[in-house]
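Colleague: There's a structure below that I have some questions on.
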Amino acid sequence: MVYIKGTGMSKFDVSQDWSYERIYDCVNEALDSGNVSLEDIDAVFISSSEAESNGERQKHTAPMISSMLKKKIPMLTVPAGCCGGGAALWDAVSFQKVNNARNVLVIGFEKLVANISEKATDEMLRGGERIYEQAEGLIFPAQNALVAQQYMMKYDATSDDLALVALKNHENAFDNPKARFYKKKITLEMIKKSPVVASPLRLFDCSIPCNGAAAAIISKDKTDIEIAGSALSTSKLSSFERENITSWNSTINAAKTAYEQAGITAKNIDIAEVHDAFTPVELISYEDLGFCCKGEGARLIREGTVNINGAFPTNTSGGLKAKGHPISATGVSQIYELVLQLRNQAGKRQVDNIEYALAHNIGGAGCVTTVHILRKSQ
């Protein structure tokens, strides 16, 4: 069995003076919340995609963290694009089981906005397409826009449905003190009138790059929260290399494995944090994770099923859309939100009667996906 002891998270923001000391602060929060000392940590798994090109100019991230934490223990950097945080957690769970390590620390962080450079901007646009596609302008937003077009034609979803996804997540972030859009009122009219980025995607259909860090401590010691399922699956780099671009098999396969490990089905999940890098991805994810049948994702948002007061609250943190998306920190920040929810510490966002929670983290346009299932310990 693998359990969660503590979690920590910095505020996600666009501060120009963002410091890597924020990493240390969120690690301390995780240590304090789990009643763990840094001396009790046996290994560290780290994910960061942009440290080389933004701020630290450092490829060797693990030794940088070793210097910060003053620890001489196994540390490994796990690069997996936007799925880096989830992949680091998946690696940490596997390491803990094989090595019987007592406590393993997982950290995801990015300094995306502060001191932004042309090189960093260029590199952030890559990750879900081949070089010949990049040359034709098929970068990440354009690729997701084409996926959205196909999805909308195939299943009669509309731009209004996408706007409802954005509105829901902004309303949730309004009550999340660590979210990029905390206490910022966004209306449906603002969303629908925002500039077109790549049709049908408007500005408010796209997640927000920002600075941020998140940490989690997993352990063999029994706590109140167990990681009941931990799975990772990889697919072809470009969605256009796959048979179906409106259903992402990396999500389907990772979810199937995680459900089997936990001994449950999608019907048992009470709350979820899904990877809404773009609003249509949230609709597709509802379906690929088994929360509804294929083509019914829009129904869940229209009927309010996935709202915070609905039958199946999704992205209570605000999601990538409004909490913010600091790439490698995202997957670990999903765990942070779900742990708050399971421990009844989510404040105004609190959802009642949670037993099972699911975190869903994607790299690229469905290239690699992790699914983690948390449950209250028996």
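Colleague: Remind me, relative contact order of the chain in percent, using alpha carbon pairs under 8 angstrom and six or more residues apart?
Modeller: It comes to 27 percent, rounded to a whole number.
Colleague: For the chain, what does the helix formula give at 222 nm: sum of -39500 (n - 2.57) over DSSP H segments with n ≥ 4, over the residue count, nearest 500 deg cm²/dmol?
Modeller: Roughly -10500 deg cm²/dmol at 222 nm, from the helical runs in the chain.
Colleague: For region 220-326, which semi-axes, largest first and in whole Å, follow from the square roots of 5 times the eigenvalues of its Cα gyration tensor?
Modeller: Equivalent ellipsoid semi-axes, largest first: 22, 19, 15 Å.
Colleague: Ratio of alpha-carbon Rg to the 2.2 N^0.38 Å globular estimate for the chain, to two decimals, please.
Modeller: On the way: Rg = 18.9 Å, N = 378, 2.2 N^0.38 = 21.0 Å.
Rg over 2.2 N^0.38 Å, computed on Cα atoms: 0.90.
Colleague: Please tell me which of these pairs span more than 25 angstrom C-alpha to C-alpha: Lys222/Lys321; Lys193/Lys321; Lys111/Lys183?
Modeller: Lys222/Lys321
Colleague: Could you state the number of Å between the C-alpha centres of region 310-378 and region 249-269?
Modeller: Between the Cα centre of region 249-269 and that of region 310-378, the gap is 15 Å.
Colleague: Using per-residue counts of other Cβ atoms within 10 Å, averaged over each peptide, order 237-247, 86-96 from highest down.
Modeller: 86-96, 237-247
Colleague: Where both residues lie in the chain, what percent of DSSP beta bridges are antiparallel, nearest 5?
Modeller: Approximately 75 percent, going by the DSSP bridge assignments.
Colleague: What is the packing order of peptides 362-371, 219-228, 167-176, taking the mean over residues of other C-beta atoms within 10 Å and listing the highest first?
Modeller: Numbers: 362-371: 28.3, 219-228: 18.3, 167-176: 23.4.
Per-residue mean Cβ counts within 10 Å order the peptides as 362-371, 167-176, 219-228.
Every number here is computed from the coordinates shown, using simple stated rules; none is lab data. Quick caveat: nothing in here was measured; it's all calculated off a predicted structure. Using ideal geometry, Cβ is built from the backbone for each residue, glycine included, and neighbour counts are taken over all protein chains shown.
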